[in-house]
Amino acid sequence: MTDMTRTPKIALEEHFMHPDFIGYFNRTAINISPDLFGKALESLQDFGERRLEAMDQIGVRTAVLSLAGPGVQAERETATACRLASQVNDYLAEKMSAQPGRYGGFAHLPMQDPAAAADELERCIRQLGMQGAMINGQTNGTYLDDDRYAPFWERVSDLGAAIYIHPNNPADMGYMYHNHPELFGPVWSWTVETATHALRLLFSGTFDRYPGAKLILGHMGETLPFLLWRLDSRWEISNRGTMRLAHPPSHYFRTNIWMTTSGVCADAPLRCALDSVGAGRVMFAVDYPFERPAEAGEWIEAAPLTEAERQAVCFGTAQALLGL
Ligand code: MN
């Protein structure tokens, strides 16, 4: 059996729950089996023995924690969203201080108010020692390429903070999912939704305007590493309207976009990601507690990587990107 602790690890998509946020989290119950949902809720609220044991078992030195979505992004009252977001960030900061070195943090942000979100991000980075923010897809139907987020991206770029886009449901359920509830959620629609969100940012020129912007995608890049050649080739001949980019689409996957292995424990997509974007762009994650840490740990230790690649994926890349 593989020694799962051989390579030290940083894990990047590891979730928690705060009691006041269970109401928002319940909205994702339509996407997850009731059995897993109940079990997850217990694990999400533990910051002690159970979580640390799961980390130690696979050699995770530091888990960067994030609230399980959608959190206040589903809140209709902007003032409430702002208030609760700071509250949960203070809560996470306490948990981080209680276990020095073991927990990092992605801030939870009230995206209804871009200026408030930028201020809260700055507070979390500068005062609470967090590494970036996790944003759960669209907020009230608005994506991060919307013009209203210009001040937000400016601050993200200035702070050098990493923004992790986590899947969430879209604002409506497209007809293509009609009579196929199994496709709506992690099996398929979250991939479509999140990859599209990243491409909206890319094609709207966000990374030309804010070269310091750092975007993280989960799930091995939400299929995008597989598609880079086609994105470049078809973008050339598509009707691009007024859109202008300084570089072909694939360029930004080597300058502004990183990805994690969350929820994908398979060699072929890992090799595809590494060969497409390089080991300096791919980072280990479990997606605790929705995936099994032991499975992820055992898989990455045995995956067909050079030792330099394994070190980079498990630890080095995240350490350099997040300053851990
Ligand atoms: Mn997740």
**Request:** With springs only between Cα atoms under 10 Å apart, run a GNM on the chain and tell me which of Q45, Q99, Q127 wobbles the most.
**Result:** Q127
**Complete:** To the nearest Å², the heavy-atom accessible area per residue of the range 9-322 with 1.4 Å probe amounts to 41
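How would you order 246-254, 107-115 from highest to lowest mean count of nearby Cβ atoms within 10 Å?
On the way: 246-254: 17.7, 107-115: 23.9.
The peptides rank, most packed first, as 107-115, 246-254.
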**Item:** With all protein chains modelled, accessible area of M176 [1.4 Å, Å²]
**Value:** 140
**Message:** Apply the a/c threshold of 1.5 to the C-alpha gyration tensor of the range 230-302 and tell me whether it is rounded, prolate or oblate.
**Reply:** prolate
**Request:** Could you tell me which of A318, P181, Y24 has its Cα farthest along the dipole of the range 9-322 towards the positive end, charges placed at Cβ (Lys, Arg +1; Asp, Glu -1), taken about the Cα centre?
**Result:** A318
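How large is the charge dipole for the chain, taken about the Cα centre, if only the Cβ atoms of Lys, Arg (+1) and Asp, Glu (-1) carry charge, to the nearest 20 debye?
Computed charge dipole of the chain: roughly 620 debye.
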**Request:** Kindly rank 271-282, 211-222 from highest to lowest mean number of other beta carbons found within 10 Å of each residue.
**Result:** 211-222, 271-282
**Message:** Counting only protein heavy atoms and a 1.4 Å probe, tell me what percentage of the chain's accessible area is made up of carbon and sulfur.
**Reply:** 52
**Item:** Debye intensity ratio in log₁₀ form over the Cα atoms of the range 153-254, taken at each q of 0.21, 0.24 Å⁻¹
**Value:** -1.18, -1.31
**Request:** Please quote Rg/Rh for the range 1-142 to two decimal places, taking the Kirkwood radius as Rh and restricting both calculations to Cα atoms.
**Result:** 0.99
**Fill in**
With all protein chains in place and a 1.4 Å probe, H166 shows an accessible area in Å² (nearest 10) of 20
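Rank T306, T80 by accessible area, highest first, at a 1.4 Å probe radius?
Numbers: T306 80, T80 35 Å².
Ranked list, largest accessible area first: T306, T80.
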**Asked** Which order do L67, L231 take by accessible area at a 1.4 Å probe, largest first?
**Response** L231, L67
**Asked** log10 I(q)/I(0), Debye, Cα-only the range 67-198, no solvent, q = 0.12, 0.22 Å⁻¹?
**Response** -0.48, -1.30
**Fill in**
Scoring the range 199-324 by relative contact order with C-alpha pairs under 8 Å, at least six apart, yields a percentage of 26
**Message:** Could you derive backbone 3J(HN,Hα) for the range 214-221 from the dihedral phi with the Karplus parameters 6.51, -1.76 and 1.60 (θ = phi - 60°), listing whole Hz in sequence and x where the residue is Gly or Pro?
**Reply:** 10, 10, 10, 10, x, 6, 6, x
**Request:** Mark the label point 7 Å from the Cα of R292 along Cα→Cβ and return the residues of the range 250-269 whose backbone N is within less than 19 Å of it.
**Result:** 261-268
**Item:** Label point distance in nm, E53-W229, each placed 7 Å from Cα along Cα→Cβ
**Value:** 4.8
**Request:** Taking only Cα atoms and a 10 Å spring cutoff, compute GNM fluctuations for the chain and point out the largest among M243, M283, M173.
**Result:** M243
**Prompt:** At each listed q (0.10, 0.13, 0.16 Å⁻¹), what is the log10 of I(q)/I(0) that the Debye formula gives for the chain modelled as equal alpha-carbon point scatterers?
**Reply:** -0.53, -0.95, -1.51
**Asked** For L36 and I237 in one chain, what is 0.36 nm times their gap in residues minus the Cα-Cα distance, to one decimal in nm?
**Response** 67.8 nm
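The values are calculated or read from the model by the stated rules, or taken from the named source; none is laboratory data. Please read all numbers here as calculations on a predicted model, not as lab measurements. Note that each Cβ is placed from the backbone with ideal geometry, even for glycine, and that neighbours are counted across all protein chains shown. Only protein heavy atoms, including side chains, enter the accessible area calculation; ligands, DNA and RNA are left aside. Shrake-Rupley method; radii C 1.70, N 1.55, O 1.52, S 1.80 Å.
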